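J.: Right, I'll just put the structure down here and ask away after.
The values are calculated or read from the model by the stated rules, or taken from the named source; none is laboratory data. Owing to the predicted nature of the structure, the values given are computational and were not obtained by experimental measurement. All Cβ positions, even for glycine, are placed from backbone atoms using ideal geometry, and neighbour counts span all protein chains on display. The protein model used for the area step is the full one, side chains on, heavy atoms only, and it has no ligands, DNA or RNA in it. Shrake-Rupley method; radii C 1.70, N 1.55, O 1.52, S 1.80 Å.
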Amino acid sequence: MKHFLIYTNQYKDKELIITERVRSYLEAKGQKVTMKIKDADWKEEPLQEAEDIPYDADCLIVLGGDGTVLEAAREVKKLSIPIIGVNLGNMGYMAEIEPANLEEALDRLIAEDYQKESRMMLRGQVIHSDGSAEEGWALNDIVISRSGSLQIIKYSIYVNGQFLHEYAADGMIVTTPTGSTGYNLSAGGPLIEPKARLIMLTPICPHTLNQRSIILSPEDEVEIEIPVGREGRLQTVEVNFDGSHKVALRAGDRICIAKSDKTTEFVKLNQVSFLEILHKKMREF
């Protein structure tokens, strides 16, 4: 590797101490470094790639937590720049490098002593009742949740055009295996090996005595419609792509979700299994 892009969440590295440590070490080793700082005045990027992402970057080093890794993955999704995270957050399922081992990890990146791991992404197309449409991508999950009042929302779920079920719930999480350790975990969904290929549906606080996640093939297409509520009430919900980009939906709108043809490439330095990581995190928290 010769050109590194450092992507820092300044909320996690307030004085940019770790960022400067990475930059100075790489440049001392003769590497080219480009910086991208997410500060307090950061404006949400549109769903296409940011213009200031260099096309010739060999590796994206993300400093922050898992949320920062997700934002970075969205920005470079069409450039296929491999990502590795430096954990400045709490759980850090996606951030492999700990600050204590930083220089050793950077040496291995420079020497190309690593492996790559491909993760599937989701593509969601929101289709409004007036015929207009919007698209979004997610490495973790696409979440449909209520907005406004605290009333339960009805969702009609279709898989490959076939009606599956109508849920009365606070929302629905459509997740990748990578996203199983995120909101899905908090909502009671199962944990999945991140290299797997599947799509999972997990309801959020469903109004039922039975709460079950549904696991689908990666080739399946999920369609979620927002019907008119009880007594003709106009339901309003919102769709969140990886907890960042948000789109409003109303009764009559729908979203179609399927596996994206784009993937996110992660750089792996350690041969630690997902089960070992999970065991460590469960002991810590």
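J.: With n ≥ 4 as the cut-off for DSSP H runs, can you work out [θ] at 222 nm for the chain, using -39500 (n - 2.57) per run divided by the number of residues, rounded to the nearest 500?
T.: Roughly -4500 deg cm²/dmol at 222 nm, from the helical runs in the chain.
J.: Using semi-axes √(5λ) of the Cα gyration tensor in Å as the read-out, say which of (1) 28, 21, 17; (2) 36, 20, 17; (3) 41, 25, 13 was calculated from these coordinates.
T.: Looking at semi-axes √(5λ) of the Cα gyration tensor in Å for this model, the match is (2).
J.: Here is a further query. If I take the Cα coordinates of the stretch 155-269 and project them onto the principal axes, what are the three extents in Å, biggest first?
T.: 56, 30, 28
J.: So, one more: Taking a spot 7 Å from the Cα of Ala28 along the direction of its beta carbon, which residues of the stretch 80-120 have an amide N less than 13 Å from it?
T.: 102-104, 106-107
J.: With the crude spin-label approximation of a point 7 Å out along Cα→Cβ, what separation in nm comes out for Asn101 versus Lys78?
T.: 3.6 nm
J.: Right, another one. Identify the residues of the stretch 103-147 with backbone N under 17 Å of a label point that sits 7 angstrom from the Cα of Asp261 along the Cα-to-Cβ direction, or state none.
T.: Answer for the stretch 103-147: 120-125, 135-138.
J.: Taking amide H positions as placed in the peptide plane 1.01 Å from N, state which residues far from Asn270 in sequence (5 or more) or on other chains have amide H under 5 Å from it.
T.: HN-HN under 5 Å from Asn270: empty list.
J.: Taking amide H atoms as placed 1.01 Å from N in the peptide plane, list the residues 5 or more away in sequence, or in a different chain, whose amide H sits under 5 Å from that of Gln235.
T.: Gly229, Ala251
J.: Report the calculated FRET efficiency for Gln162 and Thr208 (r = Cβ-Cβ distance, R0 = 22 Å), to the nearest 0.05.
T.: The pair Gln162/Thr208 has a calculated efficiency of 0.60.
J.: Could you order the peptides 58-70, 129-141, 13-25, 206-218 from most to least packed, using the average number of other C-beta atoms within 10 Å per residue?
T.: So the order, starting with the most tightly packed, is 58-70, 129-141, 13-25, 206-218.
J.: With a probe of 1.4 Å, find how much accessible area the stretch 131-265 has per residue, and write the answer as a whole number in Å².
T.: Accessible area per residue: 45 Å².
J.: Order the peptides 110-116, 121-127 from the highest to the lowest mean number of other Cβ atoms within 10 Å of their residues.
T.: Ranked by mean Cβ neighbours within 10 Å, highest first: 121-127, 110-116.
J.: Taking just the alpha-carbon atoms of the stretch 122-165, what radius of gyration and Dmax come out, in angstrom?
T.: 12.7, 31
J.: Now for a different question. Compute a Gaussian network model of the chain, connecting alpha carbons closer than 10 Å, and tell me which residue from Ile83, Ile199, Ile37 fluctuates the most.
T.: Ile37
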